[in-house]
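One structure is given here, and the rest of the page talks about it.
Just so it is clear, none of the values below were taken in a lab; they were calculated from the coordinates. Since the structure is predicted, the reported quantities are computational estimates derived from the model, not experimental observations. Neighbour counts run over all protein chains shown; Cβ positions are idealised from the backbone, glycine included.
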Amino acid sequence: MAKFLPVSRQEICGQLDVVIVTGDAYVDHPSFGPVLIARYLEANGFSVGIIAQPDWRKDDDFLKLGQPRLFFGVSAGNLDSLVANYTADKKVRRTDMYTPGNVGGRRPDRATIVYTSKLKALFPGVPIVLGGVEASLRRFAHYDYWDDKVRRPLSFDAKADYLTYGMAEKGILSLANNVAATFRSPSDGGLKTAATIPNLAIIAKDSSQYKDALILPSYEEVAADKKKYAEAFKLYYTEGRKKHPRVIIQPCQGRYLVVFPPEDLTSAELDSLFELPFVRRPHPMYRGKKIPAFDFVRFSTVSHRGCFGGCSFCAISQHQGKYITSRSLPSIKKELTEIIMEQPGFTGQILDAGGPTANMYGMKCAKDEGCTRASCIYPAVCPNLDVSLKPALKLLKEVREIPGVRSLFIGSGVRYDLALLDDDYLEELVKHHVSGQLSIAPEHICEEVLLLMGKPKAGKFLEFKERFEQLSGKHGKKQFVVPYFISSHPGSTLRHALELALFLKENKIRVEQVQNFTPTPMTVSTCMYYTGRDPFTGRPVHVPKGEERSFQRALLQPALASNYRLVAKALKQLKRTDLLASLTRQARQVAKDH
């Protein structure tokens, strides 16, 4: 039987090789990034312990596993700590789905920096390796929404020895092997063999050895000049979309951030990763307290990594990569069979078998060298991309036939414009794989905004909605499409928000949730938000800020009594107060009907 990784001194004999500190609760499941890395290192011969959600105001939690032989790994967890701790309006969140009991406040702001500072003070000279989403997406100089300024690359702010980014299993293993072989201090700018380590960023005193590297504008330049910021963003964003990117260097205050290219796992390696001996449960130290994030993945599996979509507001392609790596069907079925047999409480429902976009499973780019397109499917599908939905269709059918599976739902969502390419896939999806509601993300309906978002035209959403409703009726299913929209995205004016509100009214769509755009590091949309320009065309972009953000959000939910005054003020500003009564009354009627 699989055992939990050690979390206390009593569970270890001697000295651990690596200790991983994470801002998430310890759930021994492959959907939790720090645990995935820990199990991967363990499978390759290293002893690893976990310090989960330490109290950063005291020393005790950081001392409980002692000093590791090789290094400390530090991660804010599955989310950027500021995204986890604050709403889009910078209000403190009271909940945290990665914490027992769903309570907020168990991870500090800028957790990567705070944890690293604590460890440096307690264990001087022990290398610190940063990882996770927070480190990955802050690896270059970046605009920080919460500080409203450009910050240095995270390695500089955290004063860490190494930073790993993206899906860094190979990089972290190579680094561990190098440290184990040399036991050298990284204070001179990194190991001699650092250039051979993928997914790694180091701070160097000299960059002249990297002859063919891409040199970005310096931190000082991008912090002082928004045009330079957009230039740097375009350079690293475009380079990162290649299958074989170069070393990227960014000067910073007399030193150099050196970022080595990534190396993804192969399909066979991805299979092996998910077959490691995970317990697939929260650690018993939580005494049964629910961890909401675990409930989402408990009866689910990941079928692939990466996303060809390239939506402007999304950083998945900057973290997981744009090219899809899919697991084999036998591996997926083996994992699900183990879940069915070993997970208590299983009732026959698999809640998801997907990835960032479920119906991209098995898709491939035929071009060996890749390309720099932001999206492989927008505004038109790239001719080099195999967009066949047959692998995804086969996955659905075969998983449904596993003994013990009564139903398989697609919790990770689908790209509806791709679903429309295959009638068989769409019918299978509607007939068997919707739990009553299917979440899709049109995000907006105005063409000018959709163009900046990298999303399909509104006609595609309406076409999908109509086909979904037709097929649901055909199969006697009472189920609905739940669309998600983003308000206050760069390029969206107040008039665009009103146009979307009227569209929702006309089509009798009640919006359950509205996401006010949150600028997070390394997305195209965040670059537009900060610079006021499209980084690819240089054209000015309207950026909603201040009260306008509240207006745009309120217009999408006029049925809420709390939004009435904001809607009234927005319509007055637009000189359309004639719409107030009908818009709010109609919205309330739609809400009542649902």
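Multiplying the residue separation of residue 121 and residue 397 by 0.36 nm and subtracting their alpha-carbon distance yields 93.9 nm.
Taken over the stretch 299-435, the percentage of Cα pairs per 10 Å bin, counting from 0 up to the bin with the maximum distance, is 12, 43, 31, 12, 2.
The distance from the alpha carbon centre of the stretch 123-187 to that of the stretch 453-532 is 36 Å, rounded to a whole number. Along the stretch 265-280 the Karplus relation, 6.51 cos²θ - 1.76 cosθ + 1.60 evaluated at θ = phi - 60°, assigns HN-Hα couplings of 5, 6, 4, 5, 5, 5, 4, 4, 4, 7, 9, 5, x, 6, 6, 6 Hz to successive residues, with x for each Gly and Pro. Taking Lys and Arg as +1 and Asp and Glu as -1, the other residues whose beta-carbon sits under 9 Å from that of residue 334 total -3. Using the Karplus relation 6.51 cos²θ - 1.76 cosθ + 1.60 with θ = phi - 60°, the per-residue 3J(HN,Hα) values for the stretch 310-322 come to x, 4, 5, 8, 10, 10, 4, 5, 7, 9, 8, x, 8 Hz, with x marking Gly and Pro. Between the amide H of residue 71 and those of 19, distances stay under 5 Å, these residues lying 5 or more places away or on another chain, with hydrogens modeled in the peptide plane.
Compared with the dominant principal axis of the Cα atoms in the chain, helix 564-573 is inclined by about 80°. Near residue 59, no amide H atom lies under 5 Å from its own; only residues 5 or more places off or on other chains count, and H is placed 1.01 Å from N. Taking 0.36 nm per residue of separation and subtracting the Cα-Cα distance, full extension of the segment from residue 295 to residue 55 would add 83.9 nm.
Before rounding to the nearest 500, sum -39500 (n - 2.57) across all DSSP H runs of length at least 4 in the chain and divide by the residue total; then give [θ] at 222 nm in deg cm²/dmol. Present the calculation step by step, with values, prior to reporting the outcome.
Values: 23 runs with 213 residues, N = 594.
About -10000 deg cm²/dmol.
Peptides 520-531, 496-507, 345-356, 550-561 ranked from most to least packed, by the mean per-residue count of other Cβ atoms within 10 Å: 520-531, 550-561, 496-507, 345-356.
Start at zero, step by 10 Å, and the Cα-Cα distances of the chain spread as 3, 16, 26, 28, 19, 7, 1, 0 percent across the bins. Residue farthest toward the positive end of the dipole of the stretch 485-594, with Cβ of Lys/Arg at +1 and Asp/Glu at -1: which of 558, 487, 580? Among 558, 487, 580, the one farthest towards the positive end of the dipole of the stretch 485-594 is 580. Assuming charge only on the beta carbon of Lys and Arg (+1) and of Asp and Glu (-1), the dipole of the chain about its Cα centre is about 1360 debye to the nearest 20. Residues of the stretch 236-271 with an amide N closer than 20 Å to a point placed 7 Å from the Cα of residue 371 along the Cα-to-Cβ direction: 236-246. For the chain, the longest principal axis of the C-alpha atoms and the axis of helix 111-122 are separated by about 20°.
Spin-label model, residue 451 to residue 406: label points 7 Å out along the Cα-to-beta-carbon direction sit 5.0 nm apart. Once backbone amide H atoms are built at 1.01 Å from N, residue 440 has 482, 484 as its partners under 5 Å, excluding neighbours fewer than 5 places away on the same chain.
Dividing the convex hull volume of the Cα atoms of the stretch 372-478 by its residue count, what figure in Å³ per residue is obtained? Don't skip to the end; give the middle numbers.
Details: hull volume 12.4 nm³, N = 107.
With only Cα atoms used, the stretch 372-478 gives 116 Å³ per residue.
Once a ≥ b ≥ c are taken as the square roots of the eigenvalues of the Cα gyration tensor of the stretch 104-245, is the result rounded (a/c under 1.5), prolate (a/b larger than b/c) or oblate (a/b not larger than b/c)? Oblate, because a/c is 1.5 or more while a/b does not exceed b/c. Rounded if a/c is under 1.5, else prolate if a/b beats b/c, else oblate: with a ≥ b ≥ c from the C-alpha gyration tensor eigenvalues square-rooted, which is the stretch 9-202? Here the stretch 9-202 falls in the oblate category.
Between their Cα atoms, which of 90/545; 228/367; 243/367; 90/228; 455/478; 242/364 are more than 20 Å away from each other? Check vs 20 Å cut-off fails for 228/367; 90/228; 455/478.
Backbone N atoms of the stretch 457-486 closer than 17 Å to the 7 Å Cα→Cβ label point of residue 423 belong to residues 463-475.
The phi torsions of the stretch 206-214, fed into the Karplus equation with coefficients 6.51, -1.76 and 1.60 and a -60° offset, translate into couplings of 9, 10, 5, 6, 9, 5, 9, 6, 8 Hz, rounded to whole numbers, with Gly and Pro shown as x.
What percent do you get for the relative contact order of the stretch 9-202 when only Cα pairs under 8 Å and 6+ apart count? If you can, show how the numbers build up before the last one.
Values: 355 pairs, mean separation 37.9, N = 194.
With pairs under 8 Å counted, the relative contact order is 20 percent.
Model label points for residue 64 and residue 460, set 7 angstrom from Cα along the Cα-to-Cβ axis, are 4.8 nm apart.
Considering only the other residues whose Cβ falls under 15 Å of the Cβ of residue 353, what net charge follows from Lys and Arg at +1 and Asp and Glu at -1? Please report the intermediate quantities before stating the final value.
On the way: positive: 298, 305, 327, 333, 334, 394, 397, 400, 406; negative: 271, 335, 338, 352, 398, 401, 428.
Once all neighbours under 15 Å are counted, the net charge is +2.
Between 0 and 90 degrees, the angle of helix 390-400 with respect to the longest Cα principal axis of the chain falls at about 80 degrees. Once you sort the root eigenvalues of the Cα gyration tensor of the stretch 421-460 as a ≥ b ≥ c, which label holds: rounded (a/c under 1.5), prolate (a/b larger than b/c) or oblate (the other case)? Cα axes put the stretch 421-460 in the prolate bin. Site pair residue 513 and residue 146 shows an inter-label distance of 2.0 nm when each label is modelled 7 Å from Cα along Cα→Cβ.
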